[in-house]
1. Need one number: nm distance between label points at B:Thr231 and A:Leu330, each 7 Å from Cα along Cα→Cβ, rounded to one decimal.
2. Using only the heavy atoms of the protein chains and a 1.4 Å probe, how would B:Lys47, B:Lys135, B:Lys194 rank by accessible area, largest first?
3. Could you order the peptides A:251-259, A:329-337, A:95-103 from most to least packed, using the average number of other C-beta atoms within 10 Å per residue?
4. Counting partner chain Cβ atoms within 10 Å of every residue's Cβ in A:201-207, what's the average?
5. Rounded, prolate or oblate for the range A:123-277? Axes are the square roots of the Cα gyration tensor eigenvalues, ordered a ≥ b ≥ c, and the cut-off for rounded is a/c under 1.5.
6. Could you order peptides B:312-325, A:310-323, A:293-306 by the average number of other Cβ atoms within 10 Å of their residues, highest first?
7. Could you give the nm distance between label points at B:Ala221 and A:Gln21, where each point is 7 Å from its Cα heading toward the beta carbon?
8. Defining a contact as two alpha carbons under 8 Å apart and six or more residues distant in sequence, what relative contact order in percent does chain A show?
Amino acid sequence: MTWSATARGAHQPDNTAFTQQRLPAWQPLLSASITLPLFFCAGLAFIGLGLGLYYSSNGIKELEYDYTGNPGTGNCSVCAAEGQGRAPPPNCSCAWYFSLPELFPGPVYLYYELTNFYQNNRRYGVSRDDAQLSGLPSALHHPVNECAPYQFSAAGLPIAPCGAIANSLFNDSFSLWHQRRPGGPYVEVPLDRAAIAWWTDYHVKFRNPPLVNGSLALAFRGTAPPPNWHRPVYELSPDPNNTGFINQDFVVWMRTAALPTFRKLYARIRQGNYTAGLPRGAYRVNITYNYPVRVFGGHKLIIFSNISWMGGKNPFLGIAYLVVGSLCILMGFVMLVVYIRYQDQNDEDDDDE
Amino acid sequence: ETIITLNKAKIKIWVLTGDKQETAINIAYSCNVFEDEMDGVFMIEGKDSETILQELRGKMKPESLLESDPVNIYLKKKPKRTFTMPEELPRGDYGLVINGYSLAFALEGNLELELLRTASLCKGVICCRMTPFQKAQVVELVKSMIKAAHIGVGISGQEGMQAMLNSDFAFSQFCYLQRLLLVHGRWSYNRMCKFLSYFFYKNFVFTLVHFWYAFFNGFSAQAVYDTWFITCYNLIYTSLPVLGLSLFEQDVNETWSLHFPELYIPGQHNLYFNKKEFVKCLIHGIYSSFVLFFVPMGTIYNSERSDGKDISDIQTFCLIVQTSLIWMVTVQIALKTTYWTMISHFFIWGSLGFYFCILFFLYSDGLCLMFPSIFQFLGKALSQIWLSLILSVILCVIPAFGYQFLQPLVFDRINHCKTRPPQVRVRTKLKHPSLRRSAYAFSHKQGFGALITSGKTTKTKPNKKNSFPVKKKESSDISTRIVAFQEKSISGVPSTIPLKF
């Protein structure tokens, strides 16, 4: 069989730019005139940004107190010792006295911090029922299996809210008292407990089940609170906008933290006389010590902090930008030296040929 | 010209033909398979195993008769057929000619290796007077022992369509082989290597973040990403850019590829993706995953938003790490791409934009209201995310950028070729004047008959009839069609039929 010519070009592929790999293209070449200035500019920009971030972070004031109650650290150790080995721990209060030499500029935020608490553990993190928390009545009485062993109570009732995250709700409470004049009475500083959770959490993700006869308690009939809770979920607060699944503390707690050391917002101080901050004077924080952390070697802290445009006190970004900026500039110099040296060598080689 | 160019690319040419020796040698000289400047052309013409062995060993390297030679040691031990020929450098350009009769002995047992070793040192090898079966044997030998990647190329000539039907590539002229190897073959190798190293890199970064996170989550295998991100990462967000890279990438355009056949050499020596490159890719992946985890971690550690609410939750952390990862691998592929077509731009920046669209869609309020347990993440982006993102991307990219800038300076290859003008080939002194080649087309030597009757050229088949296997095979425009068959005549005396050319 000979090569018979069919119609000329019958099997020929298309001669377009696409099929013949001739597409117009930009072919950049990393030359020294682009790379080196880029490195230096980036380095300078980063150093500038780093300095800004670092000084901004340094300007933030923070005041913290570890009230875990380890022996010898203050009067919360009494509470800690009392609660040792008893579940549920008995009611106990302790106090922290401090004084501010000058105005603590506001608005001031009050946080509690836990250490060595792995909210990011996988089994713990999936132990929740978001359908239940979004107020679906069917899910209220049928919590998902991931909530086990906090799915059904000992009596066989479905737990609402189910899961280990809800069960481990932080239940310490704080109140702040200010002594205006030495020797004078302590006046309570109003703590704004509203709007401490994310807006989307409070308004969209967490919803109470529909009221039955206008009562939230009836809506939760047939369910049981989690084992560690003293009160059922509909009694978390007297305020109807802050009870049930939409209780602000509960919502804040349910937003699980990514690292084993974390802090969560407790309250803002921005009402009345304290809008500009905490004036100088003596203060007392009354702490209701409920939450047991010593069993797992954790710590509890209470923190006062103020906030800037880039958030709380976090020098990491500032320092990191400074380091990377200097690294860029250093590498720019090194590459410049290498470039000059090898350019000379290449010129010599070309001359030799 | 094709063969000259292929020789420049260090491609050795073997010619397997059924022609007579003089014809084959003449054609070899005219096609530049052998050149007049070569240091020597060896003819292997022995009639028995020992002579052939001596010829094979002695003519090229007298040291091979020593006991300490690696091939000799191998031959004594006789291990399995997984021996890879060690790379040996010849001391000059040599050519080898072997005819079918000697080849029949040389393809047995121990001599196979000697033949291969000697032949590998030569610039060109002519095997003449071969039967089709011997051709197959030689190809098999070279393929298995040298273990090079191979393709079959059929050239449709006057002899018909058989080669084309059996081959991986087929075209009509021998000169197109140049384009196939030097342009398309080289591009294909380049693309494959870039694709592989990038693909491994992006998956290393993606996965090794979990290694670092394990230290901080009690080793509980908590994922650092949203589940939907894990699903979509390789499938949607990063598939198109890498597809664009492997379809359109050209490091050197076709004119330069043809002009500088030496650019083909890295492919032959496996320089662009080997164990060392893989380890480099792994180390880069480990470093990137380290940066990708610790920069967001430092950003959110005990920190808050500008309205005081905390941002140290898993959702924000996942969001920062995910977005940094996508940016990081996008910038990495942008650095690797040297040939930016419109389609490349569209794929790369389009995938990035698509990621943000999907992000806003998945994290929107509406979807969460509909499917609360699937789409758990709600929220919006924050300024600290951008700061952390820029930092982690720049920190990852600096080493790659610096390496890419320094590499052509310190280890110059392609760019140096680009800047150097093409050199005129200097013809050295003629060592073998061409007058020595015979101008006769007819052979003065014995024909095929003795070879065929010796029975060394047949495959042993279970039900062998009284005829030789008939094969039609075309492998190049030098080869010929051989039809040989034997018939028993009525009186029982075998007769041979002369061969047709």
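The values are calculated or read from the model by the stated rules, or taken from the named source; none is laboratory data. None of the values given here were measured: they were computed from a predicted structure. Counting neighbours? That spans all protein chains shown, and the Cβs are built from the backbone with ideal geometry, glycine included. We work out accessible area using only protein heavy atoms, side chains counted, and drop any ligands, DNA or RNA first. Shrake-Rupley method; radii C 1.70, N 1.55, O 1.52, S 1.80 Å.
1. Once both label points are built, they end up 4.5 nm from each other.
2. Details: B:Lys47 125, B:Lys135 15, B:Lys194 35 Å².
Listed by decreasing accessible area, they come as B:Lys47, B:Lys194, B:Lys135.
3. Order by mean packing, descending: A:251-259, A:329-337, A:95-103.
4. Mean partner-chain Cβ count within 10 Å for A:201-207: 4.
5. It is prolate, given that a/c is not under 1.5 and a/b is the larger ratio.
6. Going from most to least packed, we get B:312-325, A:310-323, A:293-306.
7. Once both label points are built, they end up 4.5 nm from each other.
8. Values: 603 pairs, mean separation 118.9, N = 353.
Computed over chain A, the figure is 34 percent.
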